[in-house]
Amino acid sequence: MSNLKTFFGTRWGIISVGVCIGILAALLQKWGNPPNMGICVACFERDIAGALGLHRVAVVQYIRPEIIGFVLGSLIAAYIFKEFRPRVGSAPIVRFILGFFAMIGALVFLGCPWRALLRLAGGDGNAILGLAGLASGVAVGVLFLKNGYSLGRNQMTYTSVGWILPLIMLSLFAFLVFAPLMGDGGKSGPIFFSEKGPGSMHASIAVSLMVGLLIGFFAQRTRFCTMGAIRDIILIRNFHLASGLFALLIAAFVNNIILGQFHPGFAKQPVAHTNHLWNFLGMSLSGLAFALAGGCPGRQLFLAGEGDGDAAIFVLGMIFGAGFSHTFSLASSPAGVGFYGPHAVIIGLLVCCYIGLTMRERIK
Amino acid sequence: MAEQVDARGLSCPQPVIMTHNKMKELKKGIFEVMVDTDTSRENISRLARNEGWEVVESKKTQDSGYIITLKKE
């Protein structure tokens, strides 16, 4: 066990997990998930929001077992390796807002950082703008961090608090399996499931859940984080986390070539648009929000699985943000940027700067 | 007694930034960093290696945190 624990902390440990995620993501696409969306934390949480009726866009509604697996896989790893630490209380309302705007930015770009990499690995050139935006947003976040930005200290709390998000995930799994109709007095959804579009495209529940559990387990052990990878390069010139990120990109790229899923170009890419400015700025907003909250959307799920109640609040903020995005015409679609998407991105950037500038208590 | 950096309860990457700042302030010598997660402990050890500091000791505390002693000659 000790050797295994040491391995996960090494460069080869995180590269292995990056390779594992890259391969599994490409395979999930082969097994039924949407194109260039083998895994996307933002899109999958958006689908969950849709399934629950928090938005009514019929083509993106499904309870994604991968998300459930990420949290529960991390929970299992945390318990096995004695790292489950229930903690909460570090500016939860701010984390909710950061999650909210992180999701709005991600849905203007159409993907989380993982999907940005997977889109690039599938040949989608628009992802380059998204990744550049992500890096810019994280760089601004690092500036705030260097100038004393802090969300304050968390506190140890009851074990039951750390279990709240895992229990929510188990409830979602029950909703997925039993698919009750609870609208109009039991005559219609929610729970909603898309009959066409990306929400209708998915691998089997068992496969998706198993992949989610596996990735959740290994990502908890290696602290895999796309935002952290960029942040560590900028902040301390350390490429440890970034090596996992590159491994993911290369593994997914090679696997896409093998599976015939690589289609280079900018136009007509799946679940993507070609507005370079808003691809860049959408992901800038997300990158800034992730940096201020201390982790990318995947990492927030893994942190929540190991008992971090503040990360759980960020996740709930993202799900709420997804509902809001689609209800208020903020989210993009293959047809282009949502009508109010740019307004929301600018507001989000201003809110993040307000948070970054004003929360600067010098912690002694 | 060695100087201490208390980074308990702080989100990633603040423990790293605080430790980095202390390294830049002291330039050499010995100091302790208090953290409360394995992730922070690993990040601090990685930073120390990057910056040429030695992790002399990583002691587990009663509240499941760590006190990491860093040294540079």
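The values are calculated or read from the model by the stated rules, or taken from the named source; none is laboratory data. What you see is a predicted model, and the numbers here were worked out from it, not measured in a lab. As a convention, Cβ positions derive from the backbone with ideal geometry for all residues, glycine included, and neighbour counts pool all protein chains shown. Protein only, heavy atoms only, side chains kept; ligands, DNA and RNA dropped before computing areas. Shrake-Rupley method; radii C 1.70, N 1.55, O 1.52, S 1.80 Å.
With charges set only on the Cβ (+1 for Lys and Arg, -1 for Asp and Glu), what does the dipole of the protein assembly as shown come to about its Cα centre, in debye to the nearest 20?
Computed charge dipole of the protein assembly as shown: roughly 560 debye.
Leaving out ligands, DNA and RNA, calculate the buried accessible area for the pair A and B with a 1.4 Å probe, summed over both sides, in Å² to the nearest 100.
Numbers: alone 14470 and 4580 Å², together 17030 Å².
So the buried area, both faces added, is about 2000 Å².
Enter the angle in degrees (range 0 to 90, nearest 10) between the Cα long axis of helix B:14-26 and the first principal axis of the Cα atoms of chain B, meaning the one along which they spread out most.
That helix lies at roughly 30 degrees to the long axis.
Which value, in debye to the nearest 20, describes the size of the charge dipole of the range A:38-92 about its Cα centre when Lys and Arg Cβ atoms bear +1, Asp and Glu Cβ atoms bear -1, and nothing else is charged? Mind showing how you got there, number by number?
Values: 6 positive and 4 negative charges, 32 e Å.
That gives a dipole near 160 debye.
Rounded to a whole number of µm²/s, how large is the Stokes-Einstein D of the range B:3-72 at 10 °C and 1.306 mPa s, given Rh as the Kirkwood radius over C-alpha pairs? Let's see the in-between values first.
Values: Rh = 11.6 Å.
D = 137 µm²/s.
What part of the accessible area of the range B:3-72, given as a whole %, is carbon or sulfur when the probe is 1.4 angstrom? Intermediate results must be reported in sequence, preceding the final value.
Values: 1400 of 3140 Å².
Solvent-exposed carbon and sulfur of the range B:3-72 make up 44 percent of the total.
Roughly how many percent of the accessible protein surface of the range A:168-220 is carbon and sulfur, given a 1.4 Å probe and a whole-percent answer? Provide the component values of the computation, followed by the final result.
Working: 1970 of 2740 Å².
That fraction is 72 percent.
Using every Cα-Cα pair within the protein assembly as shown, state what percent have a distance larger than 29 Å. Spell out each step's value before the answer.
Working: 39541 of 95266 pairs.
That tail contains 42 percent of the Cα-Cα pairs.
Karplus couplings for the range A:135-152 from phi (6.51 cos²θ - 1.76 cosθ + 1.60, θ = phi - 60°), rounded to Hz, Gly and Pro as x?
4, 5, x, 5, 4, 5, x, 4, 4, 4, 4, 5, 9, x, 4, 8, 8, x
Sort out for me the Cα centre separation of the range A:217-273 from the range A:31-103, rounded to whole Å.
About 18 Å separates the Cα centre of the range A:217-273 from the one of the range A:31-103.
Say the cut-off is 30 Å between C-alpha atoms; which of A:5/B:72; B:28/B:59; A:146/B:60; A:82/B:24; A:82/A:146; A:146/A:268 go over it?
On the way: A:5/B:72 27 Å; B:28/B:59 21 Å; A:146/B:60 28 Å; A:82/B:24 33 Å; A:82/A:146 32 Å; A:146/A:268 41 Å.
Too far apart for the 30 Å limit: A:82/B:24; A:82/A:146; A:146/A:268.
Putting +1 on Lys and Arg Cβ atoms and -1 on Asp and Glu Cβ atoms, find which of A:265, A:204, A:192 reaches farthest to the positive end of the dipole of the range A:181-287.
The listed residue farthest towards the positive side: A:265.
I'd like the residues of the range A:153-180 whose 1.4 Å-probe accessible area shrinks by no less than 20 Å² going from the isolated chain to the full set of protein chains.
A:153, A:154
In whole Hz, with x marking every Gly and Pro, tabulate ³J(HN,Hα) for the range A:268-283 from phi via Karplus 6.51 cos²θ - 1.76 cosθ + 1.60, θ = phi - 60°.
Each residue's phi maps through the Karplus curve to give 6, 7, x, 6, 7, 10, 10, 7, 4, 4, 7, 4, 5, 6, x, 6 Hz.
Return a whole-number percent for the relative contact order of chain B, with Cα pairs under 8 Å and 6 or more residues apart as the contact set.
Once divided by the residue count of chain B, the mean separation gives 34 percent.
Give, ordered by residue number, each residue of the range A:224-250 whose 1.4 Å probe accessible area is reduced by a minimum of 30 Å² on adding the remaining protein chains to the chain alone.
A:231, A:235, A:236, A:238, A:240
Test of understanding: what is the full-extension gain from residue B:73 to residue B:59, defined as 0.36 nm times their sequence separation minus their Cα-Cα distance? Can you show the working numbers first?
Values: separation 14, 0.36 × 14 = 5.04 nm, distance 2.10 nm.
Between residue B:73 and residue B:59, full extension yields 2.9 nm more.
Using Cα pairs closer than 8 Å and at least 6 residues apart in sequence, work out the relative contact order for chain A, in percent. Working shown, then result.
Working: 790 pairs, mean separation 134.8, N = 364.
That works out to 37 percent.
Could you work out how far the C-alpha centroid of the range B:1-71 sits from that of the range A:288-324, in angstrom?
25
Taking each residue of B:3-16 in turn, how many C-beta atoms of other protein chains fall within 10 Å of its C-beta, and what is the average? Walk me through the numbers on the way to the answer.
Details: counts 0, 0, 2, 3, 2, 4, 9, 8, 17, 11, 11, 9, 0, 6.
Mean shielding count: 6.
Tell me, what is the per residue accessible area of the protein assembly as shown in Å², probe radius 1.4 Å? Walk me through the numbers before you get to the answer.
On the way: 17030 Å² over 437 residues.
Here the residues of the protein assembly as shown average 39 Å² of exposed surface.
Assuming 1.002 mPa s and 20 °C, estimate D for the range A:1-126 with Stokes-Einstein, Rh taken as the Kirkwood radius over Cα pairs, in µm²/s. Walk me through the numbers on the way to the answer.
Values: Rh = 16.7 Å.
Estimated via Stokes-Einstein, D reaches 129 µm²/s.
According to a simple spin-label model (label point 7 Å from Cα along Cα-to-Cβ), what is the distance in nm between residue B:49 and residue A:350?
4.6
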